[in-house]
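Single-structure report; data block below.
The values are calculated or read from the model by the stated rules, or taken from the named source; none is laboratory data. This structure is a prediction, so every number in the text was calculated from the model and none was measured. Cβ coordinates were reconstructed from backbone atoms using ideal geometry, including for glycine residues, and neighbour counts include every protein chain displayed. In case anyone asks, the SASA skips ligands and DNA or RNA and just uses the protein heavy atoms, side chains included. Shrake-Rupley method; radii C 1.70, N 1.55, O 1.52, S 1.80 Å.
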Amino acid sequence: MRSVSYLVILIAVVALAFAAPIKVHVVPHSHCDPGWIKTFEEYFTDVQHILSSVTENLYAHPERKFIWAETSFFHRWWTSTTAELQSKFKTILDRGQIEFVNGGWVMHDEAVTTFGADITQTTLGHQYLANLFGEKGRVRVGWSIDPFGLSQATAAMNKDFGYDYYVINRASWDGPGSRRDRRAKQEMEFLWKDEVTDKSIFTHLLYEHYGTFNGFHFEPTLFEYSPPVTSENVHERAQVFVDLIKNKFKPAYRTNHILFPLGDDMNYQNSSINFNNMTMLMDHVNANKDQYGIECVYSTLSEYFDSIQSPTQQWPTFSGEFFPYMEDEFKAWTGYYTSRPALKDHARIGERTARTTETLYTLANMANVMSHEPTRYQHLFSLRSANGLVQHHDAITGTEAEGALQDYHERLRKGIQENLIVDSEAISKLLGWNSIKMLTKQEPSYLRKLDQGDVVPIILFNSLAWDRTQIISMVTNRISFQVTDQQNTTYPTQVTPLEDDSIEISLRVKVPALGLKSLLLRVVNPTTHNQHLNQEASTEPIKTLSNENYNILIDPHSGGLIMVHNKLRDVSSKLDVQLRNYIPNTDGAHGQQSNPYIFRNIQQEAVPLNEQTSVKFASGPMYDQVTIKSQTLTQRMRLHKKSGSESNYFELAYRLGTLQPSTELIARFKSQNFDNEGTWQTDSNAWRSVQRKRTNEPHREEEKLWPVANNYYPMQYVASMKSTNKNEFTFLSNSSRGCASLSNDAIELMLHRRITNLTGLNIPLDDKAVSYMSLRVKLDVAEKSNNVQADAIEHNFPVEMYFVEDLKQAVGVTAREISLIKCNVPRNVHLQSLEPHVLRNVGERTLMRWRNLDEHKSSPVDVQLDDCFNVKELYETGLSGINLSKQEQRKVTLATSQTRTFIANIEK
């Protein structure tokens, strides 16, 4: 028996001696925020040293590697560096020493950005790299290592961007699917699958964080510094490294290959520090690999991933999201869903403006009335790049310092203004005006000074591929007027006097698909009387707002909503809209404080917003409404009449002023006899709805933390809750916010936050900015509610209204209507993008993305492109328009939730 035991031991020892060593892939990187505590340009003073130093170091040391993520910074460096450094960079790129990962203009946030904005900023980065470097600029790996939670939509998009692999970082600390749970189960690498589209992407969750493990921060950083490796301490430091790999990393991953990130925020400004120290340590380990059982190499991410792929290796699968991100049991990163709402609003306006301008520009080019010119491209790029920067995970999230915040706003303002130059030229040429008219979307000052005989052109553009009916409004001085179209038909209007001796004129318009419509507002003889409908208080016991779909009962004294009745479905529900404040923890006495990232209330229930209010009603042929004003905000509830999808909802428009210090303002919608069984839905990046489930578990017994913050989820376009009685409330938003259901009969949205303490790396959230938000609310029967995604798109991309900047330019302008698409697209198919496309070796083409809005498994839908445009040549490509595959068929079939991208040569 003893001899057998010795034999077993001997075999084990021999097997261990001949076992392949663990291969550690050291991946050098630098995490560079395009704005955060500093502005983009302030950070670039450091970034230029990183890229220059790394280029020189890798050029001199062919065995060293590096990865780079942010194309915005790379573009800024490439256009300002020397020809010699550009040549050296091309050499290290050709040698495979440096790899672009992620490749978007920024590393975008995944909670509060939209599907369209994510696509646009990623496309901007990918196309820049492809045009500069061709195949060497192709991005194979997604790198999302700092966003504060991770979405299903982004994972699904990544495959369509052409990524083979995906690296993530911020997963919650504990619980099912958390980092701790995945380490224990060896599920740190998995196939992230979308159950609707059946697409999946191989995903790697970093062991602890994107920063190098403690003890190996050789270059001083914001957070950590480690002493250098020397000949005297290399053995000791190597043993620490080996123990780290064997005892922590290796048990968490399934293969014999380990990914070890080497870098941190703004690292490698003097790249020799990290490289020389790590090289000394790696050389020592490799020289003793038989002893240590470890071999170290510098790698890119693609090299690491390619090395672990095996037909026999089994990987777990995952479907879902990583929200909310819980850093520990007290840190729910759910505050940033709402922080700095004015920037979130501005970002949405920037996205809408860019899409409108690029559509107009492309249509004018297709109509052969406007050609591609560098100055026009520069105008488009101005807003493209500004929008791209704002999608950054420390920008649109509201987690930046004041200087960076103002820089983002200024870039958006400049880009929007430059896009108006392109709009003006395209619209003038498409409508056949004799001269270019400078247009504005802001109501010009002359509208408040109109006089008899003045004629004001109103230009409308529908950027969607289906016809639209919508109510538009403008404010003028008190005049008598007529609004007419190209057939001299007079439009019915509603006139509501305002407090400053002006009036709001509202009218119902129908604008064709991808269509322009110009109307004329004429100031006429005062004897031609317009009915002015007064806004006034009501003396009735109950006030009713009514249209063809709804009766809404209102308390005339408070303006509060009492009952909603859907006349078409014959369903009713009592609904109480409550404005309340959560009191944030600001002094640290109750543990974790609220800050721009984290929401932490100090009591379970939000307190009512007790402010004195005034209530006024207005009613007419276009809408019924009630307006409630208080010191902090104005809430206007409006019920549109006979205006397409608008009439299926009632609208709550908020003007959010300066909050009281240390306030987190919510709107809670509470419905009597409603039971959602603890579930509700919000959308994933305005792409598709995801079911949320409330958790009521306290974090731990010794500190009863109420389950509020950890039940908040991001909402971009849509939220909804369904009752066991089949009734459903749907909410459409035109700005990203946090959303929760804390009881079975209610859903709430956080509207605004103001926190006056210094937290979150001393970034205060003393946000006094005014912001605006529009919600549309629908009561329906769950199984009969449809076209919600189309309704949300109409809400976020309304008919655009333009005026001539100077009324003198209105001379010679006539009323017209044109449609620039030949086909009739159903409302479950969305023309996501129509934009100019210039790609290396292809030339100038048109990029179009078509999207199936159906969220659940359904029959495919077809679009015959020849019926829509005069397509001469067609290529299909990935979302970012890089790899082309020629298509002979002009019929596009779209599966459920599918988006397909095409590059087309359109006959003019």
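Here are THR312, THR356: which of them is free of Cβ contacts under 8 Å to residues at least 24 places away in the same chain and surrounded by fewer than 24 Cβ atoms within 10 Å (Cβ to Cβ)?
THR312
Could you check how many residues of the stretch 186-241 are outside any loop (DSSP other than H, G, I, E, B), free of Cβ contacts under 8 Å to residues at least 60 places away in the same chain and not hydrophobic (A, V, I, L, M, F, W, C)? Residues that pass the stated criteria total 4.
Restricting to the stretch 724-754, give me the number of residues that are polar (S, T, N, Q), part of a loop (DSSP other than H, G, I, E, B) and open to solvent by 10 Å² or more (accessible area, probe 1.4 Å). Residues meeting the conditions: 4. Within the stretch 202-221, being open to solvent by 80 Å² or more (accessible area, probe 1.4 Å) and farther than 20 Å from SER272 by Cβ holds for GLU208, ASN214. Among residues of the stretch 152-181 that are without any contact (Cβ under 8 Å) to a residue 40 or more places away in the chain, those with a Cβ under 7 angstrom from a residue that is surrounded by fewer than 20 Cβ atoms within 10 Å (Cβ to Cβ) and of a type outside the set (A, V, I, L, M, F, W, C), sequence gap 6+ or separate chain, pair up as TYR163/ARG140; ARG180/ASP174; ASP181/GLY175. Of the residues that sit in the stretch 671-696 and are part of a strand (DSSP E or B) and open to solvent by 20 Å² or more (accessible area, probe 1.4 Å), which one is modelled with the lowest pLDDT? If we take residues in the stretch 671-696 being part of a strand (DSSP E or B) and open to solvent by 20 Å² or more (accessible area, probe 1.4 Å), then ARG688 is modelled with the lowest pLDDT. GLU410 passes all but one of (1) in contact (Cβ under 8 Å) with a residue 12 or more places away in the chain; (2) out of contact with any His (no Cβ under 7 Å at 6 or more places or on another chain); (3) not in a loop (DSSP other than H, G, I, E, B); which number fails? That leaves (1) as the condition not met.
Restricting attention to the stretch 646-670, the residues that are open to solvent by 10 Å² or more (accessible area, probe 1.4 Å), of a type in the set (Gly, Ala, Ser) and either out of contact with any strand residue (DSSP E or B) (no Cβ under 9 Å at 6 or more places or on another chain) or modelled with pLDDT of 95 or more (or both) total 1. Being over 22 Å from VAL141 (Cα atoms) and either open to solvent by less than 30 Å² (accessible area, probe 1.4 Å) or of a type outside the set (Gly, Ala, Ser) (or both) is the filter here, so list the residues in the stretch 184-194 that pass it. The one that is over 22 Å from VAL141 (Cα atoms) and either open to solvent by less than 30 Å² (accessible area, probe 1.4 Å) or of a type outside the set (Gly, Ala, Ser) (or both): LYS185. Here MET326, MET366 are screened, and the one residue that is over 22 Å from the mean Cα position of the chain (by Cα) and not acidic (Asp, Glu) is MET366. Screening ILE50 against (1) open to solvent by 10 Å² or more (accessible area, probe 1.4 Å); (2) farther than 21 Å from SER307 by Cβ; (3) not basic (Lys, Arg) leaves a single unmet condition, (1).
Scanning the stretch 421-438 for residues that are surrounded by fewer than 21 Cβ atoms within 10 Å (Cβ to Cβ) and either over 18 Å from GLY812 (Cα atoms) or among the aliphatic types (A, V, I, L, M) (or both), we see that the one that is modelled with the lowest pLDDT is ILE436.
Quick one: would you say THR357 is in contact with a Phe, Trp or Tyr (Cβ under 9 Å, 6 or more places away or on another chain), at pLDDT 95 or above and β-branched (Val, Ile, Thr)? Lay out the reasoning, then the answer.
Working: in contact with a Phe, Trp or Tyr (Cβ under 9 Å, 6 or more places away or on another chain): no; at pLDDT 95 or above: yes; β-branched (Val, Ile, Thr): yes.
So THR357 fails the test.
For the stretch 261-281, the set of residues classified as open to solvent by 10 Å² or more (accessible area, probe 1.4 Å) and in a helix (DSSP H, G or I) consists of SER272, ILE273, ASN276, ASN277, THR279, MET280, listed by residue number. One residue stands out among those in the stretch 483-516 that are surrounded by fewer than 17 Cβ atoms within 10 Å (Cβ to Cβ) and among the polar types (S, T, N, Q): the one that is nearest to LYS641 (Cα to Cα), which is THR490. Only one of the numbered conditions (1) closer than 27 Å to ALA386 by Cα; (2) touching a residue at least 24 places away in the same chain (Cβ under 8 Å) is not met by THR45, and that is (2).
Can you say whether ILE793 is in a helix (DSSP H, G or I) and of a type in the set (Val, Ile, Thr), as far as the supplied structure shows? Explain how you work it out, then say what you get.
On the way: in a helix (DSSP H, G or I): yes; of a type in the set (Val, Ile, Thr): yes.
Yes: the conditions hold for ILE793.
A count restricted to the stretch 112-145 and to residues that are of a type in the set (D, E, K, R), touching a residue at least 24 places away in the same chain (Cβ under 8 Å) and surrounded by fewer than 24 Cβ atoms within 10 Å (Cβ to Cβ) stands at 3. For the stretch 806-823, the condition holds for no residue, the condition being that it is part of a strand (DSSP E or B), open to solvent by 10 Å² or more (accessible area, probe 1.4 Å), in contact with an Asp or Glu (Cβ under 6 Å, 6 or more places away or on another chain) and among the basic types (Lys, Arg).
Listed by first and then second residue, the pairs with beta-carbon distance under 8 Å, at least 6 apart or on different chains, first residue in the stretch 78-93 and outside any helix (DSSP H, G or I), second not small (Gly, Ala, Ser), are SER80/GLN48; THR81/GLN48; THR81/LEU51. Just one residue in the set VAL708, VAL718 is of a type in the set (Val, Ile, Thr) and at pLDDT 95 or above; that residue is VAL718. Sort out which residues of the stretch 414-446 are among the basic types (Lys, Arg), part of a helix (DSSP H, G or I) and in contact (Cβ under 8 Å) with a residue 40 or more places away in the chain, and write them in order of number. Answer for the stretch 414-446, where residues must be among the basic types (Lys, Arg), part of a helix (DSSP H, G or I) and in contact (Cβ under 8 Å) with a residue 40 or more places away in the chain: just LYS429.
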